[in-house]
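The values are calculated or read from the model by the stated rules, or taken from the named source; none is laboratory data. This structure is a prediction, so every number in the text was calculated from the model and none was measured. All Cβ positions, glycine included, derive from the backbone under ideal geometry; neighbour counts span all protein chains shown.
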Amino acid sequence: MSGKINMQEQLEKMRQDWDARARENARHFIATGKESWSDEEFFASGEKAIREQILNDMGNICQGKDPKSMRVLEIGCGAGRLTRALANVFGEVHGVDVSGEMIALAKKGLAGHPNAHVYQNNGLDLSVVPALPFDFAFSAIVFQHIPSRAVIENYVREVHRLLRYGALFKFQVQGCPEIREIPGDTWNGVGFSDAQAANLGWRHNFEPRHRIGAGDQYFWLWFFKKRLCVKILGKGICV
């Protein structure tokens with residue numbers, strides 16, 4: 001597809017394309033390492049990913065909290081591969097996805113996990129998520145498929161709105177900055193350089209404390225929501 005495309009058209013194209021991928025072979029498009037996944041294999045791959053990206057990083061994620069007391073947000077939950085694994089670690093998990101077909105599959109996969117909740121969103125914001133304080137936000141292999149900087153910017157802004165002060169948003173972007181916005185392409189996401197990724201955090205009042213994988217498809221970012229600091233009786237207090 002060439003030429004300009006407005007935001008609403010882009011979001012509708014994202015929804016339609018991911019619905020089509022879900023109907024064709026949802027698990028393959030979520031985890032492209034295999035063409036055909038059994039239930040056991042698919043969800044085991046989610047458990048493996050959570051061990052590698054969550055359980056080995058609990059200091060940054062929990063910051064001394066009991067994980068079972070934490071409320072977690074996942075962007076791009078797909079068919080619930082990571083959502084289910086997150087629900088086995090944390091007290092409460094909320095996930096969103098632009099595809100209604102994916103959400104229907106996720107709800108089936110999350111049967112027996114009453115602490116996991118998934119919603120179809122509009123592909124741009126988190127207005128469908130309960131306006132509750134979240135202790136951690138996570139997204140993996142999702143923003144790499146979003147071709148619009150404006151959409152990614154808005155997600156970062158929305159995560160900031162929902163996170164507690166000091167909480168972490170850990171997520172991936174496409175780390176190859178030469179990949180540009182291509183109107184209508186819902187597979188190849190726009191790329192970020194290391195400087196662009198850091199500036200994305202600062203612009204939205206996050207501290208981009210760690211970044212790993214610049215120049216790679218899986219560019220991990222650790223954005224900590226800046227703490228609120230106020231003066232009380234002449235003393236600075238941060239929460």
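Listed by first and then second residue, the pairs with beta-carbon distance under 7 Å, at least 6 apart or on different chains, first residue in region 46-68 and closer than 27 Å to residue 33 by Cα, second surrounded by 16 or more Cβ atoms within 10 Å (Cβ to Cβ) and of a type in the set (Lys, Arg), are 46/81; 46/84. When 137, 150 are screened for being crowded, with 22+ Cβ neighbours inside 10 Å and either among the hydroxyl-bearing types (Ser, Thr, Tyr) or in contact (Cβ under 8 Å) with a residue 12 or more places away in the chain (or both), only 137 passes. Taking the conditions (1) touching a Pro at 6+ places or on another chain (Cβ under 6 Å); (2) part of a helix (DSSP H, G or I) in turn, residue 160 satisfies each one other than (1). Of all residues in region 161-175, those being farther than 22 Å from residue 17 by Cα, surrounded by 16 or more Cβ atoms within 10 Å (Cβ to Cβ) and not charged (D, E, K, R) number 7. With a requirement of 3 or more residues that are hydrophobic (A, V, I, L, M, F, W, C), the strands (runs of 3 or more DSSP E) lying completely within region 165-234 that satisfy it span 219-225, 229-232. May I ask you to say which residue of 158, 178 is acidic (Asp, Glu) and surrounded by fewer than 20 Cβ atoms within 10 Å (Cβ to Cβ)? From the options 158, 178, the qualifying one is 178. Here no helices (runs of 4 or more DSSP H) wholly within region 48-156 include at least 3 residues being at pLDDT 95 or above and among the hydroxyl-bearing types (Ser, Thr, Tyr).
Cβ separations smaller than 6 Å between residues 6+ apart or across chains give no pair from region 23-44 residues that are farther than 15 Å from residue 85 by Cα and without any contact (Cβ under 8 Å) to a residue 24 or more places away in the chain to residues that are assigned to a helix (DSSP H, G or I) and hydroxyl-bearing (Ser, Thr, Tyr). Against the definition (under 26 Å from residue 181 (Cα atoms) and touching a Leu at 6+ places or on another chain (Cβ under 7 Å)), how does residue 96 come out, yes or no? Taking the combined requirement at face value, the residue satisfies it. Among the residues of region 29-43, those identified as part of a helix (DSSP H, G or I) and either under 19 Å from the mean Cα position of the chain (by Cα) or of a type in the set (A, V, I, L, M, F, W, C) (or both) are 29, 30, 42, 43.
Checking each residue in region 209-229 for being more than 20 Å from residue 141 (Cβ to Cβ) and crowded, with 16+ Cβ neighbours inside 10 Å picks out 224, 225, 226.
Going by what's in this entry, would residue 72 be described as touching a His at 6+ places or on another chain (Cβ under 8 Å), touching a residue at least 40 places away in the same chain (Cβ under 8 Å) and among the β-branched types (Val, Ile, Thr)? So residue 72 fits the description; yes. Checking each residue in region 124-163 for being among the charged types (D, E, K, R) and in contact with a Lys or Arg (Cβ under 7 Å, 6 or more places away or on another chain) picks out only 135.
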